[in-house]
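Notes for the one structure printed next.
The values are calculated or read from the model by the stated rules, or taken from the named source; none is laboratory data. Note that the structure is a prediction, hence the values are computed from the model and not measured. Positions of Cβ are backbone-derived with ideal geometry, glycine not excepted, and every protein chain shown enters the neighbour counts.
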Amino acid sequence: MDLKPRNLTKSIIFFIALMITPKRCLTRPCVNLIPDCLLEIFSYLKYDRKTLFSCIRVNRLWCRLAIPILWSSPFKYYSQSYTYKIINTYITCLNIQDKVILKNLGLKNCLINMKSLFYYPRFLESFVIDNYTLGLKKWVKENFQNENLLRAQQIVDNMMMDLIFNDNCSLKKFKYVNYIEISRIDFLKKLSNLNLSLINTFEFLGHGYSKEMYSNILPKLFNQMSKTSRNIKHLSLYFPKTMSTKTMTTTTTTPTTSSTTTLTNSTTSSTTMSTTFNYYMIDNNNLISITENSDNSTDLDLSIINLIKSQNSLESFSTNEFWMKCSTEMIFNSLISHSNSLKFIKFFTLINFNQSFFKFIKQIHSLRTLEFKRFLFFEQFDSTLSNMIIPQNYLSQVQNIYLEERDIPYRLIDTIIRITNHSLKKFYSRRINPIILSSIKSFCPNITHLHISLEKYSDLLLNIIKNLPLISLYLQVRYISLSLKSCLPNSLKFFGLDSEIDQVELEDLLNNSHLSNLLIMELLNISDINENFRNIFIKFNEKFNYTLKELRLEKSLLKEFILLDKKELWNSRTFKINEVKNFKYTAYEEIFGSPYYKYT
């Protein structure tokens, strides 16, 4: 290894060590680790792609062991240049007949004579179809004539799907997102005939489906998976099918919709009450209405119920309420069948929320995290919920509550806080009012992670922060309170602040707060910073024996800091400075290991 000392002192130490080291130590051959040991070491580098790239250059053995890890999830992230190269490499793995077809179709790139060193699709364990699709469109556009793009895209896509999904498929994680530009009907039909017994994480987040997809293709796929894929630990489903209220009449007019996939209720023009429910979905930018009897579960509902029940030990489940109202009890009973293993539940959308919801959740004994994104038609149950008498600590098994959107009703938030009571450890919410703060103070003395957004500070909030055993605190508020510096608990290891604050106020906050255990700080909105901005944190770190390890700044703030700062970023007195993303009030990404596709 080529050692390059950075200064004279290190050079002198290096020279002395070289002179006094016995020659036998310098000439001793290196120890060769057995492949099993190397493989165990490489497994810890799974997310360190840069290091793995270095490992494959050491020797043949290291290359053979590191390549499967490096190529286990090539489509997990997307960038134009990176995903383009992945597609390019996969094309070299096609057989000669497929390459000839692509050449006759007008392939510009001379890949027909190239042969890959490894058969890379064999190593694929995680596949994200939306990232793959974006990369495929980029690759086709760069390598084919413009007049053949659509046909070439379809042909290459079919070849790639045959390459990835075959009888020797070793997929463990599969995320499916449908794109209207490429039809996936043939692919889904083929998928139902494959052996996906190794799948442990399955995300199916689709849109743009036809009636045939809901009534035939998807039920067949999920029924087949219930027979072959019994080891799913993490299951996520989203179907953009929203149930309207009971419609008047048999004659309906075409509803107006926006360009997004948000679905609206129909407009009717009659006076006769019907006993059916109307569903709407987008298919090729057209709104399709499906009328179903309210007393019967759909084939899709039943297939999902079978899929959930068939798993050996489901650990996390995320969904929107796509099912008929009459299927609600069966859906929840299928989840209750995993009451000793299911730890995480997220609802993207709930429509028919009522008091029975808590009764179902109560029976899932292993549940630790409950997350909500949106409620529809909540108003009709609001008064009922306010009159409910629910015992304290009713959901004593739930420890973490995540409330992702701002439009979740205050009354529901307050009810959940009251019935989780002393068990609540993590509470994340974009919507807080004084009543909720009062409930936290009275019923939840054991919260360790509090991430909230509110309009303004109050004495009640400061009192709560001071008395809770907080490990992590994130505050999104317009104006900061000067009293906050005396209320921050010594137990904090993470502190995030999104507030209108200038450099002088920040310095005063850090100088007068006792945060001796703080490891990470996030700052998203600071004005009037100057060249002494770094010194604020250096002084703070020196004060508490260099415990601060990481400072995260909002993107524009980080750029401004870099322009002002004249030193190298690594010279930060044991803490590093990097960018902070917008804070997420969701545990979904942590559970499934990749950002979810945002549907509204």
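Here are a few things to note about the model shown:
- Scanning the range 545-556 turns up at least one residue that is in the same structural domain as Ser483 (by TED's automatic domain parsing), basic (Lys, Arg), modelled with pLDDT of 85 or more and outside any loop (DSSP other than H, G, I, E, B).
- Top-ranked residue of the range 88-131 - restricted to ones that are under 24 Å from the mean Cα position of the chain (by Cα) and part of a helix (DSSP H, G or I), ranked as modelled with the highest pLDDT: Phe123
- Under the condition of being under 19 Å from Val580 (Cα atoms) and surrounded by fewer than 20 Cβ atoms within 10 Å (Cβ to Cβ), the residues counted in the range 538-549 number 1.
- Top-ranked residue in the range 165-186 [being hydrophobic (A, V, I, L, M, F, W, C) and buried (at least 18 other Cβ atoms within 10 Å of the Cβ); ranked as modelled with the highest pLDDT]: Phe174
- Taken as a whole, the structure places Ile86 among residues that are free of Cβ contacts under 8 Å to residues at least 60 places away in the same chain, surrounded by 13 or more Cβ atoms within 10 Å (Cβ to Cβ) and touching a Pro at 6+ places or on another chain (Cβ under 8 Å).
- Taking (1) closer than 23 Å to Leu149 by Cβ; (2) outside the structural domain of Ile199 (by TED's automatic domain parsing); (3) of a type outside the set (A, V, I, L, M, F, W, C) in turn, Lys99 satisfies each apart from (2).
- Of the set (1) surrounded by 15 or more Cβ atoms within 10 Å (Cβ to Cβ); (2) farther than 18 Å from Ile480 by Cα; (3) touching a strand residue (DSSP E or B) at 6+ places or on another chain (Cβ under 8 Å), all apply to Glu560 but (3).
- Qualifying residue in the range 220-236 (condition: more than 16 Å from Ser313 (Cβ to Cβ) and not in a helix (DSSP H, G or I)): yes
- Across the range 151-174, the number of residues qualifying as part of a helix (DSSP H, G or I) and either more than 21 Å from Val100 (Cβ to Cβ) or acidic (Asp, Glu) (or both) comes to 2.
- Some residue of the range 444-462 being farther than 22 Å from Phe583 by Cα, surrounded by fewer than 19 Cβ atoms within 10 Å (Cβ to Cβ) and under 28 Å from the mean Cα position of the chain (by Cα): yes
- Residues within the range 443-498 that are in a helix (DSSP H, G or I), modelled with pLDDT under 90 and among the polar types (S, T, N, Q), tallied: 2
- Selection from the range 572-600 of residues that are at pLDDT 80 or above and farther than 26 Å from Phe317 by Cβ: Lys576, Ile577, Asn578, Glu579, Val580
- Those strands (runs of 3 or more DSSP E) lying entirely in the range 257-359 with at least 1 residues assigned by TED's automatic domain parsing to the domain that holds Ile419 and modelled with pLDDT of 85 or more: 344-347
- Listed by position, the helices (runs of 4 or more DSSP H) enclosed by the range 8-82 that each have at least 3 residues that are surrounded by 13 or more Cβ atoms within 10 Å (Cβ to Cβ) and either at pLDDT 85 or above or not assigned by TED's automatic domain parsing to the domain that holds Asp130 (or both) are 35-43, 49-55, 60-70.
- Restricted to the range 193-206, and to residues there that are more than 14 Å from Ile304 (Cα to Cα) and under 26 Å from the mean Cα position of the chain (by Cα), the residue that is surrounded by the fewest Cβ atoms within 10 Å (Cβ to Cβ) is Ser197.
- The set of residues in the range 509-528 being part of a loop (DSSP other than H, G, I, E, B), crowded, with 18+ Cβ neighbours inside 10 Å and of a type in the set (A, V, I, L, M, F, W, C) consists of Leu515, Leu518, Leu524.
- Here the condition is being assigned to a loop (DSSP other than H, G, I, E, B) and touching a Ser or Thr at 6+ places or on another chain (Cβ under 9 Å); of Ile199, Ile217, it holds for Ile199 alone.
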